[in-house]
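The next block holds one structure in the form of structure tokens; read it before the comments.
The values are calculated or read from the model by the stated rules, or taken from the named source; none is laboratory data. A quick note: this is a predicted structure, and the numbers were derived from the prediction, not measured. Cβ sites come from the backbone with ideal geometry, for glycine too, and all protein chains shown count toward neighbours.
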Protein chains: 2
Amino acid sequence: MWPDTRLCELLGIEHPVIQAPMAGTTTPAMVAAVSNAGGLGSHGCATLSPEKLAEDMEALAGATNRSVNLNFFCHEPQEISEDHHAALIEAMRPHYEAAGAPLPDEMPAPSFQPFRQAQLDCLLARPPAVVSFHFGLPEDAAVRALKDKGCKILSSATTVAEARWLAERGVDAIIAQGWESGGHRGLFLELENDAQVGLFSLLPQVVDAVDVPVIAAGGIADGRGIAAAFALGAAGVQIGTAFITADEAHRKPHHPEAVGLGTDESTRVTRAGSGRPARAHRTPWIDAMAQVDAAPFPLMYHYSRPLLAADGPAHQFSLYGQSAALAPSGNAGERLTALVAAAMAAMGR
Amino acid sequence: MWPDTRLCELLGIEHPVIQAPMAGTTTPAMVAAVSNAGGLGSHGCATLSPEKLAEDMEALAGATNRSVNLNFFCHEPQEISEDHHAALIEAMRPHYEAAGAPLPDEMPAPSFQPFRQAQLDCLLARPPAVVSFHFGLPEDAAVRALKDKGCKILSSATTVAEARWLAERGVDAIIAQGWESGGHRGLFLELENDAQVGLFSLLPQVVDAVDVPVIAAGGIADGRGIAAAFALGAAGVQIGTAFITADEAHRKPHHPEAVGLGTDESTRVTRAGSGRPARAHRTPWIDAMAQVDAAPFPLMYHYSRPLLAADGPAHQFSLYGQSAALAPSGNAGERLTALVAAAMAAMGR
């Protein structure tokens, strides 16, 4: 049925189509629906407390007995200098004044932490079939402990160099994340240089560089994109934007409207929301922030969230990719099934 | 043989593979070799005088009786203010001092002009099978005159909106130029906003938006890329980087080395060379120029060329795309033949 079945065999899934983890958008119901339809549902767990993580894992266990993927962030927490803080407050002041909201002028407290022991303990107690990471990998011991429990490990590469780095550290498959992709760019080797490689270039060069299966991500939202990814050597695809507005998703009020209006040129990559480059709906505020040196991830949320909460659509931070206009409709399981059927048709199978 | 033969029929070619016009790199020998091998050779004529254009057309007529494509630029000439000039000279001063070269501190003279009557007269006197434009289209009367002589008209779109604009003005086919592409971005509707759409997203959305055949460009340099482009709905492909180092190309001394060392992340889009966004080999000078407001195209050459001519590899301006590492070798005809064979293999035909 599929031209390449390595990923299906590796992850124990029927279709090599992964619904991307999207922290704040995915729900256990959404993830289970995708897995029950034969794909791999992924839950974005980066911002969950250990208690909420355990609760969601319990909900997932009750909703599907198929493979699921839990995703975590491996950013290095950083601090912000008082000078940088002061400069940011000045840069944000006109936007806060326009929104009539109080400036967050205290120094930021540490925000959510990268993958750590409490989360690892949750996973080891009830190992999911797949654990994926964004922004690199946790320490080797954590990767080994998960693999010893039978978890398959995935992570994202935005360059060939990142793919090689991940392969050397034993990941089971690599997600080649193209420039088209919505949400946070997974880059981790050179934070100051987002290489911005389009999927047409990135995917075959990653396939040539590593021996593990490569999963294509970024700009894929219909059967044509899935067929093209396989033509370029992918063993599977990861699709996010096409699932954001699924019925089971956690719907931020501004999000469906932004994604529903999304065109090829309605997004841009910005550090204004979180501090790390992320593809988001283009707004006047995001355009204005292009000249501002953002706080390190995730401290920038301290400066952006009160503004986003206070103001209307002009200030929203809606993450999605360049192919929103191609997405199917319906609930998450229907979308997975529609994508698979369209891929089969596109591949003439 | 090919899954879509519309472009072959439209342009009178055997294989729907276009060697991209690359002003300053293509030669009549190179163009004829590609056309004689069954593809569409394209000559970058934007910077040629009418006399040199006529001479090259004569050489082409003697070297092939197959379809060839002649390419021109449709930029709007702009002026630069004295303040902007002064600011640029100050920004360039340290680079010129480091290179030991005299600053070009006189105001720039008008540089090469967009497509105009003298070039149109050349084409009407000996109409080529195909005429393509970059940065939009010339005035309607010129397009009509060429079409009346049987020329097929192509132009590039970097967004769906640009593709619709071109289709409404009667082009015969549209080149969807993805972000991965080397050289000048063809954008023309919003010069201040390069939408930077990756080919995975751009191509299917352009295919959905227009009725004419769509040619995929950007990041395609092997059989896998050609197969993927057809999977996304393309009727053909345009390939530049894979031909830059062909034996028949006009070889700038720095160019083969840059392209030969090219990786997925060795380029960036810059206005430093010409004034318009172009994907080029990343150098310390190009990185430094990211914060500098360039002169309008093509006046920026006045500020960049003396530096490039004076200094070593650190200051070169080598244009190529994100898939240089995938390119075949040999002369231009051999490369076309290798690309076709690889595409057939990738498509299982």
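Can you say whether residue B:342 is among the small types (Gly, Ala, Ser) and assigned by TED's automatic domain parsing to the domain that holds residue B:39, as far as the supplied structure shows?
So residue B:342 passes the test.
Restricting to segment B:214-251, give me the number of residues that are touching a helix residue (DSSP H, G or I) at 6+ places or on another chain (Cβ under 9 Å), farther than 24 Å from residue A:227 by Cα and not acidic (Asp, Glu).
Residues that pass the stated criteria total 7.
Determine if segment B:168-189 includes at least one residue that is facing another protein chain (nearest Cβ under 9 Å), surrounded by fewer than 24 Cβ atoms within 10 Å (Cβ to Cβ) and without any contact (Cβ under 8 Å) to a residue 60 or more places away in the chain.
No, there is no match, as no residue in segment B:168-189 is facing another protein chain (nearest Cβ under 9 Å), surrounded by fewer than 24 Cβ atoms within 10 Å (Cβ to Cβ) and without any contact (Cβ under 8 Å) to a residue 60 or more places away in the chain.
Yes/no per residue for (1) in contact with a Phe, Trp or Tyr (Cβ under 9 Å, 6 or more places away or on another chain); (2) surrounded by 24 or more Cβ atoms within 10 Å (Cβ to Cβ); (3) within 13 Å of chain A (Cβ to nearest Cβ):
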| position | (1), (2), (3) |
| --- | --- |
| B:302 | no, no, no |
| B:310 | yes, no, no |
| B:319 | no, yes, no |
| B:322 | yes, yes, yes |
| B:325 | no, no, yes |
| B:329 | no, no, no |
| B:334 | no, no, no |
| B:342 | no, no, yes |
| B:345 | no, no, yes |
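In this structure, is residue B:123 among the hydrophobic types (A, V, I, L, M, F, W, C), touching a residue at least 24 places away in the same chain (Cβ under 8 Å), within 14 Å of chain A (Cβ to nearest Cβ) and buried (at least 20 other Cβ atoms within 10 Å of the Cβ)?
Here the answer is no, as residue B:123 does not meet what is asked.
Go through segment A:69-123 and count every residue that is over 25 Å from the mean Cα position of the chain (by Cα) and under 30 Å from residue A:152 (Cβ atoms).
0
Determine whether residue B:276 is basic (Lys, Arg) and surrounded by 23 or more Cβ atoms within 10 Å (Cβ to Cβ).
yes
In segment B:103-142, how many are outside any loop (DSSP other than H, G, I, E, B) and on the phi > 0 side of the Ramachandran plot?
So the answer is 0.
Out of segment A:205-219, which residues are surrounded by fewer than 24 Cβ atoms within 10 Å (Cβ to Cβ) and at the interface with chain B (Cβ under 10 Å from one of its Cβ atoms)?
A:207, A:208, A:209 - these are the residues of segment A:205-219 that are surrounded by fewer than 24 Cβ atoms within 10 Å (Cβ to Cβ) and at the interface with chain B (Cβ under 10 Å from one of its Cβ atoms).
Looking at A:145, A:176 in this structure, which one is of a type outside the set (Asp, Glu) and assigned to a helix (DSSP H, G or I)?
Only one candidate qualifies: A:145.
Here are some conditions: (1) under 20 Å from the mean Cα position of the chain (by Cα); (2) buried (at least 21 other Cβ atoms within 10 Å of the Cβ). Residue A:142 meets all but one. Which one does it not meet?
(1) is the only condition that residue A:142 fails.
Among the numbered criteria (1) in contact (Cβ under 8 Å) with a residue 12 or more places away in the chain; (2) assigned to a helix (DSSP H, G or I); (3) not aromatic (Phe, Trp, Tyr), which one does residue B:212 miss?
Looking at each condition in turn, residue B:212 falls short on (2).
Restricting attention to segment B:220-230, and to residues there that are closer than 18 Å to residue A:323 by Cα and more than 7 Å from every other protein chain (Cβ to nearest Cβ), which single residue is farthest from the chain's Cα centre (by Cα)?
B:230
How many residues does segment A:314-349 contain that are touching a helix residue (DSSP H, G or I) at 6+ places or on another chain (Cβ under 7 Å) and in a helix (DSSP H, G or I)?
14
Restricting attention to segment A:192-204, and to residues there that are in contact (Cβ under 8 Å) with a residue 24 or more places away in the chain and in a loop (DSSP other than H, G, I, E, B), which single residue is farthest from the other protein chains (Cβ to nearest Cβ)?
A:194
Can you name every residue in segment A:231-261 that is part of a loop (DSSP other than H, G, I, E, B), within 14 Å of another protein chain (Cβ to nearest Cβ) and either within 13 Å of residue A:23 (Cα to Cα) or at pLDDT 95 or above (or both)?
If the condition is that a residue be part of a loop (DSSP other than H, G, I, E, B), within 14 Å of another protein chain (Cβ to nearest Cβ) and either within 13 Å of residue A:23 (Cα to Cα) or at pLDDT 95 or above (or both), then A:232, A:233, A:234, A:235, A:240 are the ones that fit.
Among (1) touching a helix residue (DSSP H, G or I) at 6+ places or on another chain (Cβ under 7 Å); (2) in a loop (DSSP other than H, G, I, E, B); (3) outside the structural domain of residue A:183 (by TED's automatic domain parsing), which single condition is residue A:276 missing?
For residue A:276, the failing item is (1).
Just for segment B:155-173: of the residues that are part of a helix (DSSP H, G or I) and among the charged types (D, E, K, R), which one is farthest from residue B:17 (Cα to Cα)?
My answer is B:168.
Could you grab me the full set of residues in segment A:254-293 that are of a type in the set (S, T, N, Q) and in contact (Cβ under 8 Å) with a residue 40 or more places away in the chain?
Within segment A:254-293, A:263, A:266, A:267, A:274 qualify.
Count, please, the residues in segment A:303-326 that happen to be at pLDDT 95 or above and touching a Ser or Thr at 6+ places or on another chain (Cβ under 7 Å).
Residues meeting the conditions: 6.
Return the residues of segment B:44-59 that are without any contact (Cβ under 8 Å) to a residue 60 or more places away in the chain and in contact with a Leu (Cβ under 9 Å, 6 or more places away or on another chain); say none if nothing qualifies.
B:44, B:55, B:56
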